[in-house]
Amino acid sequence: MLAGKRILLIVSGSVAAFKAPALVRLLRAEGAAVMAILTAGGARFVTRETLAALTAQPVHQDLWAAEESIGHIKLARWADAVAVVPASASMLARMAQGLATDLASTVLLATRAPVVVAPAMNPAMWEHPATRANVAKLLARGVRFAGPTSGPMAEPESGPGRMLEPEEILAAIQALSGPQPLAGRHILVTSGPTQEPIDPVRYISNRSSGKQGHAIAGALAALGARVTLVSGPVIQPDPPGVEVVKVETARQMLAACEAALPADAAICAAAVADWRVAQEAGQKLKKEPGAEAPTLAMALNPDILATLSTHAQRPALVVGFAAETEKVVAHAQAKLARKGCDWILANDVSADVFGGEENTIHLVTRQGVEDWPRLPKSEVAARLAARIAKAFS
Ligand code: CTP
């Protein structure tokens with residue numbers, strides 16, 4: 001799939017640089033030509049000789065080297081895709097600022113090729129507001145993120161910031177080199193349950209796993225869309241290349257969705273709690289000896305799908321889900337009309353779906369109904385993303 005593609009690999013300074021040579025081998029096995037740029041930091045962790053031997057090309061290090069002084073433009077033009085593996089916090093910051101202080105950052109500023117980064121850093125650095133802001137900026141600019149994931153670090157600690165494995169980064173580079181029909185589109189996706197507090201320690205929620213919504217966000221990003229994923233509390237990992245906004249309540253989810261507008265499309269896959277507790281207790285509710293069980297008065301939550309469907313900044317395509325156990329299509333058609341959205345993915349939940357791996361979908365639009373076979377949630381996501389790409393083509 002990468003046969004004949006020219007991949008420019010930028011290796012910046014992180015311990016995870018030791019995995020870069022393995023990625024070079026995988027890329028070349030796929031038929032790609034690979035040229036490497038090694039930053040000063042990167043050279044602390046992997047040698048020029050290793051990269052030169054595996055790429056079978058000279059390794060570029062110095063913006064000012066005699067043979068490289070005009071090299072940055074040539075390198076930038078040579079690449080079909082640029083992969084920054086590993087991308088250190090400093091590298092992301094230079095990219096976000098548009099700094100051209102060394103060969104790597106100068107090439108990144110000069111290239112028009114798609115760029116994928118595989119961040120690798122300590123969890124505290126990944127979670128620092130400065131890095132969060134840099135990541136948001138780069139995502140908005142169309143830079144694709146492969147990871148990071150959570151796991152053991154070089155230091156004896158664990159958390160988000162661990163670089164993906166070379167095989168996973170290869171997949172991200174392949175996706176980048178594949179068709180990108182949704183490039184330039186911004187798509188909002190909601191996913192997961194909401195949690196509605198009763199008091200500081202208790203809440204009402206549901207069993208949504210977020211698997212389907214997260215898979216949809218990932219599938220849309222793989223087709224080149226800029227995706228904002230507004231997610232309730234889930235254990236799903238953040239999909240690669242997606243900006244994730246984490247919320248708890250329905251009202252927070254609506255606020256995050258409105259803040260993410262304008263968007264070309266909105267996909268509401270979250271299982272939003274229909275009701276919240278009207279008066280959240282400021283202190284933990286105590287059971288007094290002999291007292292009756294408390295009665296919770298409920299209030300109606302905002303309907304995010306319906307709100308987006310009638311919003312002043314309504315996305316051109318608004319898609320909802322319907323979980324039904326009977327008269328699946330008829331109920332979905334009624335819901336489509338009631339909510340004012342464009343498509344409903346009606347989900348037959350008479351079978352085990354919540355937290356499961358598969359879904360049976362009927363795509364209900366104003367034009368008619370498409371019956372999809374029972375499919376893994378990842379396949380449902382890929383089909384929906386392809387369908388959305390077709391709608392925008
Ligand atoms: N939805 C939403 N905000 C809510 C409730 C639902 O955005 N407060 C969205 C969901 O993300 C989903 C669709 O609306 O896309 C589901 O509609 P809903 O009316 O909740 O229907 P069901 O959950 O399918 O069930 P029922 O019809 O029994 O209410």
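FYI, it's all coordinate maths here, none of it is from the lab. The structure presented is a predicted model; accordingly, all values stated were derived computationally and were not measured. Heads up, the Cβs are rebuilt from the backbone with ideal geometry, glycines too, and the neighbour counts pull from every protein chain shown.
Among beta bridges identified by DSSP and lying wholly in the stretch 186-391, the antiparallel ones come to about 40 percent. The slack between ALA40 and LYS137, meaning 0.36 nm per residue of separation minus the straight C-alpha distance, is 32.5 nm.
Protection proxy ranking for 358-369, 311-322, using the average of other Cβ atoms within 10 Å per residue and placing the highest first: 311-322, 358-369.
By average Cβ neighbour count within 10 Å, what is the ranking of 171-182, 370-381 from highest down? Walk me through the intermediate numbers first.
Numbers: 171-182: 19.5, 370-381: 16.3.
Ranking the peptides 171-182, 370-381 by packing returns 171-182, 370-381.
Its relative contact order, with pairs defined as Cα atoms under 8 Å and 6+ residues apart, puts the chain at 11 percent.
Scaled against 2.2 N^0.38 Å for its residue count N, the alpha carbon radius of gyration of the stretch 186-391 is 1.06. What is the angle, in °, between the Cα long axis of helix 20-29 and the longest principal axis of the Cα atoms in the chain? Nearest 10 is fine, range 0 to 90. Value to nearest ten degrees: 90.
Helix 377-392 and the longest principal axis of the Cα set of the chain meet at an angle near 80°. Within the stretch 224-254, what residues put their amide N at less than 17 Å from the label point 7 Å along the Cα-to-Cβ vector of ALA299? Answer for the stretch 224-254: 248-254. Among the trypsin sites (Lys or Arg not before Pro) in the stretch 180-276, those located in a DSSP loop and surrounded by at most 13 other Cβ atoms within 10 Å of their own Cβ are ARG207.
Between the Cα long axis of helix 211-222 and the first principal axis of the chain there is an angle of about 40°, rounded to the nearest 10.
Summing -39500 (n - 2.57) over the DSSP H runs of n ≥ 4 in the chain and dividing by its residue number, what mean residue ellipticity at 222 nm do you reach, to the nearest 500 deg cm²/dmol? All intermediate terms of the calculation are to be shown ahead of the outcome.
On the way: 13 runs with 129 residues, N = 393.
Helix contribution divided over all residues of the chain: -9500 deg cm²/dmol.
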